[in-house]
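Here the structure is laid out as structure tokens; the discussion comes afterwards.
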Amino acid sequence: MSEQGVSVVSRPVRRFVISTGRPFDQFRKQWERAVPAWSWGTATAEAKGGGGWPALENLSNRTAGDGLVNISTFDPSQVMRLAGHELRAVTYLADNLVIEEGLYKHDPAVIEYLPVRLTISEQPDHDSTLTFDKPCDLFGGYAIPDLVDHAIQVEEAIASVLRKVDLPVPAELERQA
């Protein structure tokens, strides 16, 4: 029987909570315009059409541009309302396939943090917040130096989307010259 090992990596992770200054529904619509839905059906068709990886890169660049696409949405609000919770929240799994490939080639386990999770939540004052963890902090647990360069690209994509939806970009996401 082979020996199994367990590795525990502890590191700090910074979480950003950005007040949108907008009601939940308004900001959610704006976010979904800025981060379009990704179609796996279209991606599969492009790949099967003989274009291979270059076709998927092209599709990703056309869809995400310098930002992100929405891979999946989790909205438990209706179910939580049954338990008496009136405030809503929705989590998006957002990604840029081209950037993800740069991380994946170093260690496929990076999909633990890609797509990135971003949550819009309604606040009691009728404002909404956008919450997410700093990607470089998340990938820091892999101890692979090249991952940092690609994680910076993820942060730049998030910053690009923040600008599109008129939110401040935290200084920690700005590329240091």
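The values are calculated or read from the model by the stated rules, or taken from the named source; none is laboratory data. Because the structure is predicted, anything quoted here is derived from the model rather than measured. Neighbour counts run over all protein chains shown; Cβ positions are idealised from the backbone, glycine included.
At a glance:
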item: Any helices (runs of 4 or more DSSP H) falling wholly within the range 1-112 and containing at least 1 residues that are surrounded by 13 or more Cβ atoms within 10 Å (Cβ to Cβ) and among the aromatic types (Phe, Trp, Tyr); result: 24-34, 97-104
item: Inter-residue pairs, beta-carbon under 9 Å, first over 14 Å from residue 17 (Cα atoms) and assigned to a helix (DSSP H, G or I) and in the range 146-171, second at pLDDT below 95 and polar (S, T, N, Q), 6+ apart; result: 153/96; 154/96; 157/96
item: Check on residue 67, at positive phi and either touching a Pro at 6+ places or on another chain (Cβ under 7 Å) or of a type outside the set (Phe, Trp, Tyr) (or both); result: no
item: Residue among 94, 143, 151 that alone is aliphatic (A, V, I, L, M) and farther than 18 Å from residue 71 by Cβ; result: 143
item: Cβ pairs under 8 Å, 6+ apart, first in the range 7-20 and in contact (Cβ under 8 Å) with a residue 40 or more places away in the chain and farther than 11 Å from residue 133 by Cα, second among the charged types (D, E, K, R) and surrounded by 10 or more Cβ atoms within 10 Å (Cβ to Cβ); result: 11/137; 19/127; 20/127
item: Test: residue 116 is surrounded by fewer than 17 Cβ atoms within 10 Å (Cβ to Cβ) and either touching a Lys or Arg at 6+ places or on another chain (Cβ under 6 Å) or β-branched (Val, Ile, Thr) (or both); result: no
